[in-house]
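Enquirer: For reference, the structure I am asking about is given below.
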Amino acid sequence: MLHNVSRLTQSTGFAPSLPLRNGHLQTILNSAWPRKKLFRQKILGVANAAEIQLIDCGQGVLLLGAFNRAVPLHSGQPQPLDQSALSRPVNRGLVILLHGWEGSFESTYVMTATSTLVAAGFDVFRLNLRDHGPSLHLNRALFNATLTDEVTRAVRAISAAHSPPACFLAGFSLGGNFALRIAANSGLALNLTAAMGICPATDPAHTMRILENPYSLYHAYFFRKWRASLQTKLVYYPDLAYHAQLKRCRTLADINRFFIPDHTPCGTPDNYFAAYALTGHRLAKLRTPALLVATRDDPIIPAVDIASINASAELQIELLDDGGHCGFMENHLLDSWVEKRMVDYFLSTLASGSRSR
């Protein structure tokens, strides 16, 4: 049975303080310097305890990731992250986290989410998508958003290597889009317990029109980051030979004009963006429990696009009034509501699975 957002849930669990009820502020603060400073110790704790791993995805593809072990629970209370916890057994399962476009496994929101999850008793594998973070040298072909097959193979390899009692897939923005597409395509084959997409790219054509506007608050940020990644890629693979084209680019639209026909299998922008959209019946085959969390004040992923999703009844959609794009800052300490929601959702699916048995 399919459903659309006429059956979505209006979440009431997130009530940010008044100064934080602004979508742009929420979006910017998520990875900005103040939050990095406030969570510096937690971020360092995650980084210092991580095991960097190279994932062989087959077909010559390598992806980079980092594994953090769970902090076991005693008397129901999370314990501080420390080196002694590394030798202790897994408690609740494995969460594979996917970052957003031009983010990485070291993005602030990924690191703080990891800290929250390991404190709640989950192992976490932070996976870099191709060409993100320090991985531009690993594969010759450029990243594009249709590469679900290699990420699916990575998820399979990670799960096989760690043999978790339960396996969850979650992502932010474009990573959330990947998580939900993979769950729909291969959730049962991968034995996923549940998936979660946080502000996932829903109608990429609509989002790109917003970002391509040179007057957008976010155009300069994404243009600068994407251009820098493409320039660095040429250092490792000069035979890709798009230096002259890239040099002439002044906007995201300029980059897309050569990137889509030359470096994706889709040929045209319409075909490319449709290839990874969540709209229509893309999620109709979903047989794995999944949660999509979105906000009405998201300045990058318009909430109106959710109305175009028709998915199986396994998809739960929570639409919040506030939170911006992947922000969800609750208070002046910039604590993240969605990290706690992730823990609660994964625990609830574990509890549901236990009851069903």
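Enquirer: Per residue of the range 14-31, what does 6.51 cos²θ - 1.76 cosθ + 1.60 with θ = phi - 60° give for ³J(HN,Hα)? Whole Hz please, x for Gly and Pro, Karplus curve as stated.
Expert: 10, 9, x, 5, 3, x, 9, 8, 9, x, 5, 5, 4, 4, 6, 5, 3, 10
Enquirer: Additional query: Give me the compactness ratio for the range 130-233, meaning the Cα radius of gyration over 2.2 N^0.38 Å.
Expert: Normalised Cα radius of gyration, the range 130-233: 1.22.
Enquirer: Give me the distance in nm between label points sitting 7 Å out from Cα along the Cα-to-Cβ direction at VAL235 and HIS162, one decimal.
Expert: 3.0 nm
Enquirer: Measuring with a 1.4 Å probe in the full set of protein chains, what accessible area per residue, in whole Å², belongs to the chain?
Expert: 42 Å²
Enquirer: Per DSSP H run of n ≥ 4, the term is -39500 (n - 2.57); total these for the chain, divide by its residue number, and report the mean residue ellipticity at 222 nm rounded to 500 deg cm²/dmol.
Expert: Helix-only estimate at 222 nm: -11500 deg cm²/dmol.
Enquirer: Looking at the range 207-357, what % of its DSSP beta bridges pair antiparallel, to the nearest 5?
Expert: Here the antiparallel bridges make up roughly 10 percent for the range 207-357.
Enquirer: Let me ask something else. Quick one: 3J(HN,Hα) in Hz for the range 277-294, Karplus 6.51/-1.76/1.60 with θ = phi - 60°, rounded, Gly and Pro as x.
Expert: 6, 9, 6, x, 9, 4, 9, 5, 8, 4, 10, 9, x, 8, 10, 10, 10, 9
Enquirer: Right, next: Karplus couplings for the range 156-166 from phi (6.51 cos²θ - 1.76 cosθ + 1.60, θ = phi - 60°), rounded to Hz, Gly and Pro as x?
Expert: Coupling constants for the range 156-166: 4, 5, 5, 4, 5, 5, 10, 6, x, x, 8 Hz.
Enquirer: What does the charge count around LYS36 come to, taking other residues whose C-beta lies under 13 Å from its C-beta (Lys +1, Arg +1, Asp -1, Glu -1)?
Expert: With Lys, Arg at +1 and Asp, Glu at -1, the net is +3.
Enquirer: Further question on the same structure: Using a basic spin-label model with each label point 7 Å from the Cα along Cα→Cβ, how many nm lie between ARG250 and GLN53?
Expert: Computed distance between label sites ARG250 and GLN53 equals 4.7 nm.
Enquirer: On to the next question. Rounded, prolate or oblate, given the Cα gyration tensor of the chain, with a/c below 1.5 counting as rounded? Could the numbers behind the result be given before it?
Expert: Working: a/c = 1.36, a/b = 1.25, b/c = 1.09.
Judged from the Cα gyration tensor, the chain comes out rounded (a/c under 1.5).
Enquirer: Continuing with this model, one more query. Considering the options GLY171, GLN59, ASN144, tell which one lies farthest towards the positive end of the dipole of the chain, charges being +1 on Lys and Arg and -1 on Asp and Glu at the Cβ, about the Cα centre.
Expert: Going by the charge dipole, the pick is GLN59.
Enquirer: Please state the relative contact order of the chain as a whole percent: Cα pairs under 8 Å, 6+ residues apart?
Expert: On the way: 712 pairs, mean separation 83.8, N = 357.
Normalised by residue count, the contact order of the chain is 23 percent.
Enquirer: If you don't mind, another one. Using a 1.4 Å probe on the protein chains only, how many percent of the accessible area of the chain belongs to carbon and sulfur?
Expert: Numbers: 8050 of 15170 Å².
Within the chain, the accessible surface is 53 percent carbon and sulfur.
Enquirer: Run the numbers on the range 144-230 and let me know its relative contact order in percent, using alpha-carbon pairs under 8 Å that are six or more apart.
Expert: Computed value for the range 144-230: 24 percent relative contact order.
Enquirer: Okay, next question. For the range 198-348, what is the relative contact order in percent, using Cα pairs closer than 8 Å and at least 6 residues apart in sequence? Spell out each step's value before the answer.
Expert: Details: 180 pairs, mean separation 38.2, N = 151.
Reported relative contact order: 25 percent.
Enquirer: I've got another one for you. Dipole of the chain (Lys/Arg Cβ +1, Asp/Glu Cβ -1, origin at the Cα centre): which of LEU98, TYR236, SER312 lies farthest to the positive side?
Expert: Towards the positive end, the residue furthest out is TYR236.
Enquirer: How much net charge surrounds LEU286 when only other residues with a Cβ under 10 Å from its Cβ are counted (Lys, Arg +1; Asp, Glu -1)?
Expert: Residues near LEU286 contribute +3 overall.
Enquirer: For ALA201, what is the net charge nearby, where nearby means another residue's Cβ is under 12 Å from its Cβ and Lys, Arg count +1, Asp, Glu -1?
Expert: Spelling it out: positives minus negatives among the neighbours equals -1.
Enquirer: Taking a virtual spin label 7 Å from the Cα of ILE210 along the C-beta vector, which residues in the range 248-287 bring their backbone nitrogen under 16 Å of it?
Expert: 277-279
Enquirer: What shape does the range 148-190 have by the C-alpha gyration tensor, where a ≥ b ≥ c are the square roots of the eigenvalues, rounded means a/c under 1.5, and otherwise prolate means a/b greater than b/c and oblate the rest?
Expert: prolate
Enquirer: For helix 219-236, what angle does its Cα long axis make with the longest principal axis of the chain, in degrees from 0 to 90 and rounded to 10?
Expert: 80 degrees
Enquirer: About its Cα centre, what dipole magnitude does the chain give when the only charges are +1 on Lys and Arg Cβ and -1 on Asp and Glu Cβ, stated in debye to the nearest 20? Walk me through the numbers on the way to the answer.
Expert: On the way: 33 positive and 26 negative charges, 63 e Å.
Its charge dipole is roughly 300 debye.
The values are calculated or read from the model by the stated rules, or taken from the named source; none is laboratory data. Note that the coordinates shown come from a computational prediction; the quantities given were computed from them, not determined experimentally. Note that we place each Cβ from the backbone using ideal geometry, even for glycine, and neighbour counts take in every protein chain shown. Each accessible area value is taken on the protein alone, full model and side chains, heavy atoms only, with ligands, DNA and RNA left out. Shrake-Rupley method; radii C 1.70, N 1.55, O 1.52, S 1.80 Å.
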